[in-house]
Amino acid sequence: MTAPVQDQMLLAPDLLARLQNLQLKANHVVDGVLTGLHKSPQHGSSIEFAEHKEYSQGDDTRHIDWKAYGRFDRFYVKKFEDETNLRGYLLIDSSGSMGYGEGDSNKLEYARVMVAALAFLMIRQQDSPALLGFNDRVLRYMPPRSASSHFQEVLHALLELTPEGETDLATPLRFLAETVHGRNLILVISDLFDTQTDIVRMLARLKARHNEVVLFHLLHPDELDFHFEHLSLFEDMEGEERLLADPEAIRKEYLKVFLGWADKLAGDCRARGIEYRRVRTDETVEGSLLSFLLSRGG
Amino acid sequence: MQFGFFHTALLGGLLLASLPILIHLINRRRARIVPFAAFRFVQLSNKKLARSIKIKQILLLLLRILLVVLAVLIVARPFTTPENAVEIAAAQNRPASRVILLDTSLSMQAMRDGRSLFELARKKSYELLQSFPTTDLAAIVPFSRAEPREPTELTFDRAALLDTLDKITPGYLSTDLSMGIERALALLRESPQELKIIYLVGDFSHGYRLESSPLPGNPDDPLLIPVDVREGKPLPNLSVEEITAEKTYVGGRPVWSIKATVANWGAEALEGVPISLVSEGNTVAGGFLDLSPRSREVKEFVHGFASAGVLDLEVRLPDDILEADNRRSLVIDTGREVRALIVSGEPSTIRLKDEAFYLASALDPAGDGRSQVHVKQVTVDQLPGMTFEEFDVVFLCHMSLLPLDAAMRIREFVYGGGGLFISTGAKLAVDDLNEGLSPLLPGRLRGSKAARVATASEESAAALHLSQLDFTHPVFRVFDEETAASLYHASFEHHFLYDPDPAKPKTILARYTNHQPALVEVAYGSGRAILYTSTVDRQWTNLPIQPGFLALMQETAHYLSGRTDNPIPQVAEVGSKYVVAAADLEENVEVLSPDGRKTELATLDGELQVPFVDRPGIWRVKGKTRSSIFAAGLDPEESDLKPMESGDFAVISGQLRPLGQGNDGGLRTEWAGTLMGLILLAFLAEALLLRWMG
């Protein structure tokens, strides 16, 4: 898939290059994912789902399902399949801490590719991806659409995101709660370095409203392994603070605290029926997505 | 227990102990900056561990510093020596010879906490003697500069040593550590015992500051143990360092300028310190001094002494911790009373016109008889029948025709030791003069010489003046170039020309600016005469109205009377000998020291001497016919009671000597082995700590 000619004319050369690069990466990921899925013994789409609604005044009588009336002796209205297409809300964290990591292991870069691939997959399946970029506020919101041009817009929006500000999931989740209706797939991609918000509780609320919530906990290997060696002056990427510490001396304690926090988060999510997926940025994006999709039954 | 090092210079390596700290600081500066997303967790972990990590890091740093320090100490080779006899006895059972060198110098008289340093030293020496094993030989050697050597020997007899100790008293001499050590070494050299120890008991002030160890540096040098009785405490002290006297004239009156140099050896400034001048037991002047820390000030007293003769003076400060140096004595000779006879050749009932008016006024300025020169004025007519023996000096003024009998008697008087002053006059014929005074004149006069007549434009430029004054001569001694200005200023219109008699030895004391003699001295037998070739009134010169005329005539009277033969104050330094002047060389001379004690005189090399001046103050030498006095002063440096620095102690005790060069008798304990063990322990602790820190 290539960007429209009109868009290309408006884009700066470096942005255009990045856009194409992101698109290529997304294509590559999707190809990999699809190949993986074909090889898998599980087939079919779980997101194609027909829905009935009890008749109420004002509903189009043409859409009454007579078969259902015959069976249940009550009127049900049959909804069209295109109306039941999946709306996937892709929440991408663009706070300062997401800027950690070099090259492909950069967390924001990794999240961009992941979101782009997911958006592409959704559009390909006639689903409607929505994009919500955030840090401590909503930076960018693109409502769900299934048009193929929507993918290009998503890519643009993704590239506009820069890692800055503090992480605060309360704002985007509240925004989402007030915006979305019906059943939706909500995918949150973040490192979750939010000290203030009870993330799990807020996600659980969305879950309670019949949304399917998946939390991609995106972490860099440095954060998970903490393999620094020499005396270092650590700088907070979301604040002004600095701290001189000997990594070798504190590694054990760090891992204990950090993994304790991450594992607790995972446990809480699972307890509330929220799918928690820990993603290391040194893994391939397609590998992470494939694992996710396979776990959902292809 | 005393510490020392064989290679003290290598202790400079202790600076290396700063290396671990420097490395630590450099590492901190070189810390990599890491922007980190999970900063909160680093902060949390570090906070939890910060205290224990810090403690471990400090421990590690201290361990590494300790390692460096230990390594340097090992290289410097530390050792200890026992400090006192008890320790030594405990450390070594071998018999020893021990000498207590007891400081008896002046500074040991200083008081500390109500007791003199010497009392403290004696107590310490007593304790040392008591602690010596009875099998050890011991001796007590008092020391100070020029201390008369009393026989002493190493003995086992403690009672005798204690008796000796009781008899030793502090003196007024300065410290001479080298001499004391020499005496101790001489004693120990004869000792058969291998272990030899010198206990140096003293105040460790000025006299102990040596550039090198007093020990000769031989392999058999004894162990030197300093015992500081002042314990390094400062002892602020004031002293009169020097006193000088100089005769001068103020307002035509002879006075003395007494200058005392006062030193403040303390570390604090002093204000309003009272100081007084005492003469013959009476306070005659006083004042106050402000003294900066460790400084000197000069106080000048200007005083005219009413009595004539040899006087003893003393400058006094208030008593302090060392009283002996708060006063210093001096002897001055103000000259004896002189009886002068003035024979006026041109008398007048109007005093101002009398030839001798200015001379008489100069010799007795107040005219009340209180001057040291008692004047009797007569005319030529009164000379027959006069006896001159009742006078010391005769002034012949404007005299030409002198009765032969009188002239001969005057000649006899001068040959017998009297003084004669001859001045000329404007109305004298040169032949009359030569004839009339021929027995007395040192040569012949040949007419008068007038100064060149001034032209209208020159006016006074033609006048003659005095020149080439012999300031080494007693009559000019009170003058210097400045005060002699009034003499140089005097102008002369006429003077007699003088032809010297080659047979008579003479001295030209002053000339005119035309190089002709103005004052000529000649000796006659035991006496002396001075010829003045101009006038003592204003006929030929204005000299008599110059301020210097008074001093010149008074000094001349004293000189001719023979009373100023030995005017220099007699001073001796405590600890030295004093040679009694040859004039005093006679039998049955007795000397009284300042404390009234009779002292024996010794005859050495034909000189009568006080062989050892042992205390400060006025010493009186009394002979059958004549007496004299002299003042003895202390060594000013001995008043410096500033305590020694630790480095000075090291020099004295010879701790800088390399190993093996001293006879330590096996008393020194080396600590290198112990330190090596400590290093190993430190390494082990470091390894454990690193492991603990992960």
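The values are calculated or read from the model by the stated rules, or taken from the named source; none is laboratory data. Computed from a predicted model, the values in this text were never measured in an experiment. Positions of Cβ are generated from backbone atoms using ideal geometry, with glycine treated the same way; all protein chains shown enter the neighbour counts. Please note that ligands, DNA and RNA were not included when accessible areas were found on the heavy atoms of the full protein model with its side chains. Shrake-Rupley method; radii C 1.70, N 1.55, O 1.52, S 1.80 Å.
The figures follow:
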quantity	calculated
Residue within region B:314-328 that is open to solvent by 40 Å² or more (accessible area, probe 1.4 Å), free of Cβ contacts under 8 Å to residues at least 12 places away in the same chain and farther than 17 Å from B:T261 by Cβ present	yes
Residues satisfying the stated conditions in region B:469-507, i.e. surrounded by 16 or more Cβ atoms within 10 Å (Cβ to Cβ), β-branched (V, I, T) and not in a loop (DSSP other than H, G, I, E, B)	B:V475
Sole residue being at the interface with chain B (Cβ under 10 Å from one of its Cβ atoms) and either open to solvent by 30 Å² or more (accessible area, probe 1.4 Å) or in contact (Cβ under 8 Å) with a residue 60 or more places away in the chain (or both), chosen from A:L243, A:L265, A:L224	A:L243
Near pairs, Cβ below 7 angstrom, 6+ apart or cross-chain, from region B:15-39 (more than 16 Å from B:Q57 (Cα to Cα) and at the interface with chain A (Cβ under 8 Å from one of its Cβ atoms)) to any residue that is open to solvent by less than 20 Å² (accessible area, probe 1.4 Å) and hydrophobic (A, V, I, L, M, F, W, C)	B:V34/A:F228; B:V34/A:F234; B:F36/A:F234; B:F36/B:V42; B:A37/A:F193; B:A38/A:F193; B:A38/A:F258; B:F39/A:F234
Top-ranked residue in region B:355-376 [being touching a residue at least 40 places away in the same chain (Cβ under 8 Å) and of a type in the set (D, E, K, R); ranked as nearest to B:V394 (Cα to Cα)]	B:E355
Members of region A:132-160 that are within 14 Å of A:L108 (Cβ to Cβ) and open to solvent by less than 10 Å² (accessible area, probe 1.4 Å)	A:G133, A:F134, A:N135, A:A157, A:L158
Filtered residues of region A:274-289 (kept if in contact with a helix residue (DSSP H, G or I) (Cβ under 6 Å, 6 or more places away or on another chain), open to solvent by less than 40 Å² (accessible area, probe 1.4 Å) and either away from chain B (no Cβ under 13 Å) or without any contact (Cβ under 8 Å) to a residue 40 or more places away in the chain (or both))	A:I274, A:Y276, A:V279, A:V285, A:L289
Residue in region A:180-188 that is modelled with pLDDT under 90, away from every other protein chain (no Cβ under 14 Å) and farther than 19 Å from A:V213 by Cα present	no
Test result for A:K256, open to solvent by 50 Å² or more (accessible area, probe 1.4 Å) and facing another protein chain (nearest Cβ under 7 Å)	no
Tally, over region A:189-202, of residues that are in a loop (DSSP other than H, G, I, E, B), touching a Leu at 6+ places or on another chain (Cβ under 6 Å) and either open to solvent by 20 Å² or more (accessible area, probe 1.4 Å) or more than 14 Å from chain B (Cβ to nearest Cβ) (or both)	1
Qualifying positions in region B:97-148 - within 30 Å of B:E573 (Cα to Cα), open to solvent by 10 Å² or more (accessible area, probe 1.4 Å), at pLDDT 90 or above and of a type in the set (D, E, K, R)	B:R115, B:E119, B:R122
Residue within region A:205-212 that is part of a strand (DSSP E or B), within 10 Å of chain B (Cβ to nearest Cβ) and not aliphatic (A, V, I, L, M) present	no
Test: residue in region A:227-236 that is more than 8 Å from every other protein chain (Cβ to nearest Cβ) and not acidic (D, E)	yes
Residues of region B:44-55 classified as facing another protein chain (nearest Cβ under 7 Å), surrounded by fewer than 20 Cβ atoms within 10 Å (Cβ to Cβ) and modelled with pLDDT of 75 or more, total	1
